[in-house]
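Trainee: One structure is given below, represented as structure tokens, and several questions about it will come after.
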Amino acid sequence: MKTAVIQFPGSNCDMDAVKAVQSTTAGTAELVWHTTKDLSAYDVIVVPGGFSYGDYLRAGAIARFSPVMDAVATEALRGKLVMGICNGFQVLTEAGLLPGALRQNESLQFRCEMAQLVVENTDTPYTRSYHEGEVIRIPIAHGEGNYYADDATVQELEKNEQIVFRYRKEHNPNGSVGDIAGIVNKNKNVLGMMPHPERAVHELLGSADGVRLFTSIFTTWRDAHGTR
Amino acid sequence: MAHGEPTPQQVQEQKIYRTFGLTEEEYEKIIASLGRLPNYTETGIFSVMWSEHCSYKSSRPVLRRFPTTGERVLQGPGENAGIVDIGDNLAVVFKMESHNHPTAIEPYQGAATGVGGIIRDIFTMGARPIALLNSLRFGELNDAHNRYLFSHSVEGIGGYGNCIGIPTVGGEVVFDNRYTHNPLVNAMCVGLIAHDKIATGTASGTNNPVLVVGAKTGRDGIHGATFASTQDPHAKERSAVQVGDPFMEKLLLEACLELIDTGKVIGIQDMGAAGLTSSSAEMASRAGSGLVLDVTKVPVRETAMTPYEMMLSESQERMLVVMEKGEEAIAYEIFEKWGLEATAIGHVTDDGFLRIVEGETVAAQIPVTALVDEAPIAYRASLRPRYLDELRVDLPVCQVASSMKDELVALLSRETIASKEWVYDQYDSMVRTETFVRPGSDAAVVGVPGTKKALAFVTDGNGRYVYLDPHQGGAMAVAEAARNLVCSGAQPLAVTDCLNYGNPEKPEIFYQLEQSADGISRACEVFATPVIGGNVSLYNESHGIDIYPTPVIGMVGLIEDVKDIMTSDLKASGHALYLLGDLFAGLDDGLGGSEYLLMRDPMHHLDYALPTFVFDDEKGVQDVCLQAIQQGLLHAAHDVSDGGLLVALAEMAMTENKLGVQVRLSPDHALSTNDLLAVFFGESPSRILVEVAKQNEQALTSLATMHGVPCVRLGEVTKDSTFTVYIDQDVVVQAPVQELESAWRGAIGSWMNG
């Protein structure tokens, strides 16, 4: 499994994503500079966290015009796994690969803490190693993580079982509609989530609950390609 | 007369140098150095280089007393940051700096650029920054302006660190009205480097090109360094505060590390205070060389900038780089990839002059030695303040409002003692995925990739202690920093310090500086933690009131094996609680300097002397604690500091584990209410609370006995989540941990979110 971790100017969780993939799976991962126009050589694409282009204007608003984003869209359309974490989620919504938008936290403050998520749907390439309804601990660190979509879109997400993670009831850290923390597209190959699974891959980091997200991805890939 | 500036004669006749902060004596010295009258630009250059901020003219004689060498020290003071060996061909690079004056004027940008500046000092050395810490002081939160300064400073620190992607892992915040008009923002950055990648700020090799890299130069921050060297920042202009761009700095960081990695960099230096002037002069000074710089080549973002403005601009996110001749293209290519500019603006010479040209015209020509080595030293008068000889040593008599429990709850809700979650939840403390102990424990712990090692960091200082006893207070700051590291399982390695004081021209203030520096020096010798860098911030006074003398100690420790990482939160019921150190020290030492006394008797809290501090006792307690951790005897360790014994115990209990504490003290004679207050809330140093499994109690007490350290069994960790303190058979404090916790956790938020 070859993973590309996209590196925009201002990405800062890029190396963390590389490390997480390498330490939790038998696959490889490498940084791919934002000027790259062809991602066909990769099986999995991670759009990492950080402050792409300083998050100036609006989080993810400039990165979506980066040359690499056309290639990301192409591979997403071809069914490759594309995962956006934090700023990556913001970029994917700005690019129209996922519905909705991320607004400023209700508190108007940046917030970094260990969040509790409920796994809503285990029937995705990203969550098959979890149990439905399981509560997992995954850190958040964002100022603009307040997920918003209009009622019709949220109903659509519910109906299609696209909501993958919710914050635990009464523990919504940012005001997201429906406590939504992570969603997939209709096809379930594109995931966007504000929490950072790559920061929860070892007990020393306070949680290893993120490991199974990466092993889910790896298992999905292996089932499709055999061991290689 | 270029650019409509005054002529050298006018500078002299109209005493324009005075407005730049130069004294008559200093101006005469400049004329003597040059052998002629300085022109306007030269006068500006001298004034910033000889300012307190750049030249340390008041503090240099004091700083010389610090121990600065040691087996592990690879780089002591004098470079952009100090470096300490941690084995495996790796070294830790760190420094702390103040940004107090800008913060008083514009808290968001003042604090943010403080963070930006200290990060540059670290990656200038070739090191990858791995952690940020800070130490903050504000006036109390019942004042709206204090809340404004506090919230915006925190936001600025977060805004910069979060964006650039370096975790803010620790720090401290203290609230006291002595800082109302002079908030302190001290920022510390730590980096990791391989021994063979260390870069220095040296401009050597005649004809080697000099490049400006990073952001363009504008008119912001002109005379910022001078402004930090005079009294009352409120009289100054906001335009002297710089504006930070963390995105730009992230690009600059990556580009500089990539460039240094090529091995073609001769020297590199951050353009911080006094911008191009101090960076060029210092680089030439270290190499004993000279420089020619053409200001018309400097990329600018404003039009018609004069050489004077160009040399004194403090625009952020810029670096000065000396490359090997002929290798400039490497820099151009790397910086272009990161979307940044790298521009050759001059070259190294061998004549020892800093020569600034504007095309064909020479704008300034000054011997480097005159700017750097011959900077004046101000030998300030020192006088022991009278109040020090009038301090009382008896136990203060306090009126207890209702019960001891209420006293404890009140103390836990004090802003200085309360949980700082409101602050650190705004900082990304986890990016880089090496943060093993996040903010909230005694020290932060960050892993060293590729090894079993981890590094522990802490910032500590207590201005009130230093005010009450400058020498001992300085020593106690170092002791507490070391104690916090030890409680985290780390061996203390070295120190960076920020010396924040009032106006040094007042002899009583200079006495505080001198004496506390001596105390720090002595303690650094005892704990074998040399001072490898830092800075001094003076003139922290306004409306005639000086801040408490507030040296802040940033200390780094090494944990050889991550299995030895220790935290302060209780782990399991049935474990025993012990105190290493003297349980009843408060009966002799009282409440002097304590937060409790400030809370209950604010009018007289500065009338009482500090508790006794004995180096040998402190060292013994720390040695026992660290050895016990390394022998696997402990499950938690927490030092007794602000708020005293019961606050420390409560802090250990307020965890996710929902445990309780039941302790019983057995004094050898009956204690009055006043005695109890001293025992419960006195802040006698050199004490650590530890959690021990039953089967290890014997081993712990033997270890302590061997070192001659008192080791008292206080009680046990319980599962019922109640906090109970007995004196013999009587319950004197009882409360659900939840009640203590909500007071402690909610205090700052209730001011800030309300």
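The values are calculated or read from the model by the stated rules, or taken from the named source; none is laboratory data. These figures come from a predicted structure and were not determined experimentally. We place every Cβ from the backbone using ideal geometry, glycine too, and count neighbours over all the protein chains shown. SASA here: full protein model, heavy atoms, side chains in, ligands and nucleic acids out. Shrake-Rupley method; radii C 1.70, N 1.55, O 1.52, S 1.80 Å.
Trainee: Using only protein heavy atoms and a 1.4 Å probe, how much accessible area in total is buried between B and A, to the nearest 100 Å²?
Mentor: Buried: approximately 2200 Å² between A and B.
Trainee: With a cut-off of at most 13 other beta carbons within 10 Å, and DSSP calling the residue loop, which trypsin sites (Lys or Arg not before Pro) in region B:446-545 qualify? Please list them.
Mentor: B:LYS452
Trainee: Treat every Asp and Glu Cβ in region B:352-481 as -1 and every Lys and Arg Cβ as +1, leave all other atoms uncharged, and give the resulting dipole magnitude about the Cα centre to the nearest 20 debye.
Mentor: 260
Trainee: Please compute the Kirkwood hydrodynamic radius over region A:2-225, one decimal place, Å, based on all pairs of different Cα atoms.
Mentor: Radius from the Kirkwood sum: 16.9 Å.
Trainee: A further question on this structure: Using a probe radius of 1.4 Å on heavy atoms only, what accessible surface per residue do you get for the protein assembly as shown? Whole Å² is fine.
Mentor: I get 34 Å² per residue for this part.
Trainee: Calculate how many DSSP beta bridges within the protein assembly as shown are antiparallel, expressed in % of all such bridges and rounded to the nearest 5.
Mentor: Here the share of antiparallel DSSP bridges comes out near 75 percent.
Trainee: Report the local net charge at A:GLY178: Lys and Arg +1, Asp and Glu -1, summed over other residues whose C-beta lies under 9 Å from its C-beta.
Mentor: Around A:GLY178, the charge tally is -1.
Trainee: Let me ask something else. Using only Cα atoms, tell me the angle between helix B:697-706 and the longest principal axis of chain B; keep it within 0 to 90° and round to the nearest 10.
Mentor: Value to nearest ten degrees: 60.
Trainee: If you line up the long axis of helix B:144-164 against the longest principal axis of chain B, both from Cα atoms, how many degrees apart are they, to the nearest 10?
Mentor: 70
Trainee: Could you give P(r) for chain B, binned at 20 Å from zero, as whole percent values over all Cα-Cα pairs?
Mentor: In order of increasing distance, the bins hold 18, 50, 26, 6, 0 percent.
Trainee: In whole Hz, with x marking every Gly and Pro, tabulate ³J(HN,Hα) for region B:484-501 from phi via Karplus 6.51 cos²θ - 1.76 cosθ + 1.60, θ = phi - 60°.
Mentor: Ordered by residue, 3J(HN,Hα) equals 5, 5, 4, 4, 9, x, 9, 8, x, 10, 6, 10, 10, 10, 10, 9, 9, 9 Hz.
Trainee: Follow-up question, since we're still on this one. Quick one: Cα centre-to-centre distance for region B:436-497 and region B:263-338, in angstrom?
Mentor: 35
Trainee: With angles folded into 0 to 90 degrees, how steeply does helix B:24-34 sit against the dominant principal axis of chain B? Use alpha carbons for both and round to 10.
Mentor: Taking the Cα atoms of chain B, the angle to B:24-34 is about 50 degrees.
Trainee: Please give the calculated 222 nm ellipticity per residue for chain B, where each DSSP H segment of at least 4 residues contributes -39500 (n - 2.57) and the sum is spread over every residue; nearest 500 deg cm²/dmol?
Mentor: -10000 deg cm²/dmol
Trainee: Okay, moving on. Taking the Cα centre of chain B as the origin and placing charges on Cβ (Lys, Arg +1; Asp, Glu -1), which of B:PRO183, B:PRO530, B:LEU411 is farthest toward the positive end of the dipole?
Mentor: B:PRO530
Trainee: Count of lysine pairs in region B:568-754 with Cα atoms under 23 Å apart, counting only pairs 8 or more residues apart in sequence or on different chains?
Mentor: Eligible lysine pairs with Cα atoms under 23 Å apart amount to 6.
Trainee: A follow-up question, please. What part of the accessible area of chain A, given as a whole %, is carbon or sulfur when the probe is 1.4 angstrom?
Mentor: Its accessible area is 48 percent carbon and sulfur atoms.
Trainee: So which aspartates and glutamates pass the test for A:LYS2, namely a Cα distance under 12 Å, with those fewer than 8 places away in the same chain ruled out?
Mentor: Excluding near neighbours in sequence, the set is A:GLU30, A:ASP43.
Trainee: Continuing with the same structure: Can you tell me the Rg and Dmax of the protein assembly as shown, counting just the alpha carbons, in angstroms?
Mentor: Over the protein assembly as shown's Cα set, Rg and Dmax evaluate to 28.8, 90 Å.
Trainee: To the nearest 10 Å², what's B:THR612's accessible area with a 1.4 Å probe?
Mentor: My reading of the accessible area for B:THR612 is about 80 Å².
Trainee: Okay, next question. Using a Förster radius of 22 Å, what is the FRET efficiency between A:SER107 and B:ASN657 based on their Cβ-Cβ separation? Nearest 0.05, please.
Mentor: 0.25
Trainee: Moving to a separate point now. Hey, which of these cross-link pairs are over 26 Å Cα-Cα: A:LYS19/A:LYS169; B:LYS57/B:LYS197; A:LYS37/A:LYS80; B:LYS15/B:LYS95; A:LYS19/B:LYS452; B:LYS197/B:LYS453?
Mentor: In this structure, A:LYS19/A:LYS169; B:LYS57/B:LYS197; B:LYS15/B:LYS95 exceed 26 Å between Cα atoms.
Trainee: Could you work out, for region B:568-754, what percent of all Cα-Cα pairs fall into each 5 Å distance bin, beginning at 0 Å and stopping at the bin that holds the largest distance?
Mentor: For region B:568-754, the binned pair fractions read 1, 8, 16, 19, 20, 17, 11, 5, 2, 0, 0 percent.
Trainee: With a sphere of radius 9 Å drawn around the Cβ of B:VAL486, what net charge do the other residues whose Cβ falls strictly inside it have (Lys, Arg +1; Asp, Glu -1)?
Mentor: Residues near B:VAL486 contribute -2 overall.
Trainee: Here is a further query. Counting only GluC sites (Glu not before Pro) that are in a DSSP loop and have at most 12 other C-beta atoms within 10 Å, tell me the longest site-free stretch of chain B.
Mentor: B:391-655
Trainee: Within a Cβ distance under 9 Å of B:GLY116, other residues only, what is the Lys/Arg minus Asp/Glu net charge?
Mentor: Taking every Cβ under 9 Å from that of B:GLY116, the sum is -2.
Trainee: Still on this structure, please answer the following. Under a cut-off of 16 Å between alpha-carbon atoms, report the lysines in cross-link reach of B:LYS216, not counting same-chain residues fewer than 8 places apart.
Mentor: B:LYS250, B:LYS297
Trainee: May I pose another question? For a quick check of your reading of the filter: which GluC sites (Glu not before Pro) in region A:166-222 sit in a DSSP loop and have no more than 12 other Cβ atoms within 10 Å?
Mentor: Taking region A:166-222 and a limit of 12 other Cβ atoms within 10 Å, the loop GluC sites (Glu not before Pro) found are A:GLU170.
Trainee: Where both residues lie in region A:2-225, what percent of DSSP beta bridges are antiparallel, nearest 5?
Mentor: 55
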